[in-house]
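Report on one structure; see the data block that follows.
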Amino acid sequence: MKIWISAICLFFQINLCAQKNDTLYFYSDHDYKIEARDTAECFTKQFKTGDRWVRYKYRIKDIGMYMCDIDENIDSAFTKLNGMHIGYQLGLLYDSGYHKNGLKEGVWHFYYPGTRQPGMIAHLKDDAPVSFQCFAEDGSPKKENCFYEREADYPEGLSEWLNYVSRNAGKALNRNQKALKKWEKANIGQIFSL
């Protein structure tokens, strides 16, 4: 009897291990941190097509469900992008281009909201602009007020930024507490007379 039960368990283990799950669904915050369905900002579907992974991310909070991103050729750990990216804001086309090792690389288009008209075409290398050209909504080249926007980054890296904040947050808190005590002393009579 024990042999039959062991054989049946082994059979089910082999079948479970042999199944290939090529599609993942999960709820997360905007940065793909897994969250419960009722508190999540995004719904993500990742699936394998051929030898590459594709990810569709939908925003589900606020005004209903709308597309956020489409990324293809994600590494097996789902951390680095190596392929096409199409980004949306509020469901409207926002940007498109390619990633290499998780960084923007090559030609990127940044679109006017709700159109396929690029407001900027940038040539990027490792997320940094090599060159870029801005365009008016009618498609004509724009010569003024044209700059490539990039997320702010602390020059010495994230760990140094955290050290800076931890060193200076205490000083700022002490200054605020001293100012509050000084204000309370000056206004204590007015507070109790109300």
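What follows is calculated from the coordinates using simple rules that are stated; it is not laboratory data. The shown structure was predicted, so the numbers you read here are calculated from the model rather than taken from an experiment. Cβ placement follows ideal geometry from the backbone for every residue including glycine, while neighbour counts extend to all protein chains displayed.
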Most exposed first, judged by fewest Cβ atoms within 10 angstrom, GLU41, GLU160 run GLU160, GLU41
For LYS171, the lysines lying under 30 Å Cα to Cα, once residues fewer than eight places off in the same chain are dropped, come out as LYS181, LYS182, LYS185
Listing MET84, MET120 by rising number of other beta-carbon atoms within 10 angstrom, fewest first, gives MET84, MET120
Put in order of increasing Cβ neighbours within 10 Å, starting from the fewest, TYR111, TYR164, TYR148 give TYR164, TYR148, TYR111
For LYS125, counting only lysines whose alpha-carbon sits under 18 Å away and dropping same-chain residues fewer than eight positions off, the answer is LYS80, LYS100, LYS104
